[in-house]
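*Asks:* Dropping the structure in here first, questions after.
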Amino acid sequence: MSRRVVTTSYHAAAAPSIDGYFDKLLKYIPAEINAAWIAITGILAGLAEPSSTLLWVLFGVFILLTVGVIFRLTQAQNQPTPWIQIVISTVAFVVWVLALGGPFATIPGYNTAYGAILMIIYTVVVPIVNP
């Protein structure tokens with residue numbers, strides 16, 4: 001299964017089928033990036049006091065990593081770059097980190113409940129988008 005979201009299909013024998021709601025949900029959420037983020041922040045949690053600057057720098061690096069990985073995984077011959085899918089996946093990573101806390105936990109007044117609510121809404125709504 002390709003990581004690229006398919007919204008049109010031609011009648012050729014080898015044409016991929018159109019992605020439904022759950023297929024798009026799986027392709028839009030960058031699970032490998034989210035898992036790497038959880039692993040790294042778990043390692044950092046073992047430190048006595050992880051630096052908030054380090055968390056923000058890693059967050060920026062992971063945003064760039066998300067763009068790069070999704071760009072690479074969605075390339076298809078003779079097809080334009082799926083920028084909408086790349087943006088949706090990158091925002092999904094940001095929403096995921098908001099729900100977990102990460103560097104946002106260093107902001108006064110931040111509450112993980114708001115991030116968790118946003119993550120639920122984003123996850124339910126985003127597969128409706130057809131790039």
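*Asks:* For the stretch 18-95, what is the relative contact order in percent, using Cα pairs closer than 8 Å and at least 6 residues apart in sequence?
*Replies:* Once divided by the residue count of the stretch 18-95, the mean separation gives 44 percent.
*Asks:* Helix 83-100 versus the longest principal axis of the chain: what is the Cα-based angle in degrees, 0 to 90, to the nearest 10?
*Replies:* Value to nearest ten degrees: 30.
*Asks:* Next up: In whole angstrom, note down how far apart the Cα centers of the stretch 85-131 and the stretch 40-58 are.
*Replies:* 19 Å
*Asks:* What ranking do 117-129, 39-51 get when scored by the average of other Cβ atoms within 10 Å per residue, highest first?
*Replies:* For the peptides 117-129, 39-51, the packing ranking is 117-129, 39-51.
*Asks:* Also, quick follow-up: Below 8 Å, C-alpha to C-alpha, sequence gap of six or more: please give me the relative contact order for the chain in percent.
*Replies:* Value for the chain: 29 percent.
*Asks:* Of Phe59, Pro80, Ile107, which is farthest towards the positive pole of the chain's charge dipole, taken about the Cα centre with +1 and -1 on the beta-carbons of Lys, Arg and Asp, Glu respectively?
*Replies:* Checked the options; the winner is Pro80.
*Asks:* Let me ask another. Working from Cα positions, state the angle (0 to 90°, nearest 10) between the long axis of helix 52-73 and the longest principal axis of the chain.
*Replies:* 10 degrees
*Asks:* Something else now. Treating the angle as unsigned and between 0 and 90°, give the value, to the nearest 10°, between the Cα long axis of helix 31-45 and the longest Cα principal axis of the chain.
*Replies:* That helix lies at roughly 10 degrees to the long axis.
Laboratory data are not the source of any read-out in this text; all were calculated from the coordinates shown. Bear in mind that the values here come from a model prediction, so they are computed numbers and not experimental data. Virtual Cβ from ideal backbone geometry, glycine too; neighbours counted across all protein chains shown.
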